[in-house]
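One structure is given below, encoded as structure tokens.
The values are calculated or read from the model by the stated rules, or taken from the named source; none is laboratory data. Keep in mind that this is a model prediction, so the values were computed, not measured. Neighbour counts run over all protein chains shown; Cβ positions are idealised from the backbone, glycine included.
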Ligand SMILES: [Zn+2]
Ligand SMILES: [Zn+2]
């Protein structure tokens, strides 16, 4: 078989995922007719206030397929047309509670237009037109939902930040050795970062409230257990855990995932991922639900078996 391709069909038949971004502005209100005003306020806070409030939403559509002879997965004009016709035109500058029948809460099966409920219904509007692999919907730069076509399951991410100082060095090593391992990060008096923390939870979208879990409770857990504890500290000295553990970005992300896992379970969701951005140049991600090391180990073992 020849491995050479003519210039015109380079890549044809090979798989690729493409993304397209679109944005719209819309308002919504979290209000259930079966609850009284006090109950609605207790559940949804200011989001329950009439007549509602708005967001500038951003939608990222991911699609997969094989390249055609023109070097494309899909014709972008068709992609743009479908997203505009099925999502942007119906939603832009509208009151979400009234645009689609799924959000008619006067009906028993109506659902509130939360980010996670909305991204799922957008998927249903687009799935017959486009070979979707995932959708991401940003309600704001600090809150977004991901959907992969798994019935009522979705991911919800909240982003927060804190500032802290640290020094990377192992107590049992001489300074010269620590400098070899950690570079400038081993300097005696430490240095600081503005950390960005993304916490992603997975769960089932409630068919009525449209929520994976109670968002204010999730934010309170993150604020109380992480932000309040770590913000404006010198991690090595102020946080007991890091007196014996080098506070690398990876170790801080692990510490955060261990702290959050059970409290998030207690509000009915599962901690899926913790991403800690230490600087524009480096970040650490902990996939709480799967062991990357184990899967790498299995691959390694399989390749060894194959060699024998
Ligand atoms: Zn809102
Ligand atoms: Zn550092």
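Odds and ends about this structure:
- Looking across the stretch 164-186, the residues that are within 16 Å of ligand 2 (Cβ to nearest atom) and touching a helix residue (DSSP H, G or I) at 6+ places or on another chain (Cβ under 8 Å) come down to 164, 165, 166, 167, 168, 169, 170, 178, 179, 186.
- Residue within the stretch 26-35 that is in contact with a strand residue (DSSP E or B) (Cβ under 6 Å, 6 or more places away or on another chain), assigned to a strand (DSSP E or B), within 24 Å of residue 116 (Cα to Cα) and modelled with pLDDT of 95 or more present: yes
- Among residues of the stretch 210-226, those that are in contact (Cβ under 8 Å) with a residue 40 or more places away in the chain and surrounded by fewer than 18 Cβ atoms within 10 Å (Cβ to Cβ), counted: 5
- Selection over the stretch 184-197 of residues that are loosely packed, with under 15 Cβ neighbours inside 10 Å and either within 16 Å of ligand 1 (Cβ to nearest atom) or outside any helix (DSSP H, G or I) (or both) gives a count of 5.
Yes/no matrix, rows are residues, columns are (1) closer than 21 Å to residue 154 by Cα; (2) within 22 Å of the chain's Cα centre (by Cα):
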{"position": "224", "(1), (2)": "no, yes"}
{"position": "233", "(1), (2)": "no, no"}
{"position": "239", "(1), (2)": "no, no"}
{"position": "256", "(1), (2)": "no, yes"}
{"position": "271", "(1), (2)": "yes, yes"}
{"position": "285", "(1), (2)": "yes, yes"}
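- Qualifying positions in the stretch 116-150 - within 23 Å of residue 28 (Cβ to Cβ), assigned to a loop (DSSP other than H, G, I, E, B) and over 17 Å from the mean Cα position of the chain (by Cα): 127
- Residue match in the stretch 11-19 (condition: touching a helix residue (DSSP H, G or I) at 6+ places or on another chain (Cβ under 6 Å), surrounded by 11 or more Cβ atoms within 10 Å (Cβ to Cβ) and outside the structural domain of residue 210 (by TED's automatic domain parsing)): no
- Residue within the stretch 27-39 that is crowded, with 16+ Cβ neighbours inside 10 Å and either away from ligand 1 (no atom under 16 Å from the Cβ) or more than 28 Å from residue 146 (Cβ to Cβ) (or both) present: no
- Residues located in the stretch 153-171, provided they are surrounded by fewer than 15 Cβ atoms within 10 Å (Cβ to Cβ) and either modelled with pLDDT of 95 or more or not in a loop (DSSP other than H, G, I, E, B) (or both): 161, 163, 170
- Residue in the stretch 61-76 that is farther than 20 Å from residue 144 by Cα, in contact with a helix residue (DSSP H, G or I) (Cβ under 7 Å, 6 or more places away or on another chain) and assigned to a loop (DSSP other than H, G, I, E, B) present: yes
- Qualifying residue in the stretch 80-96 (condition: in contact with a helix residue (DSSP H, G or I) (Cβ under 9 Å, 6 or more places away or on another chain), under 28 Å from residue 213 (Cα atoms) and within 16 Å of ligand 1 (Cβ to nearest atom)): yes
- Single unsatisfied condition, residue 142 versus (1) on the phi > 0 side of the Ramachandran plot; (2) in contact (Cβ under 8 Å) with a residue 12 or more places away in the chain: (1)
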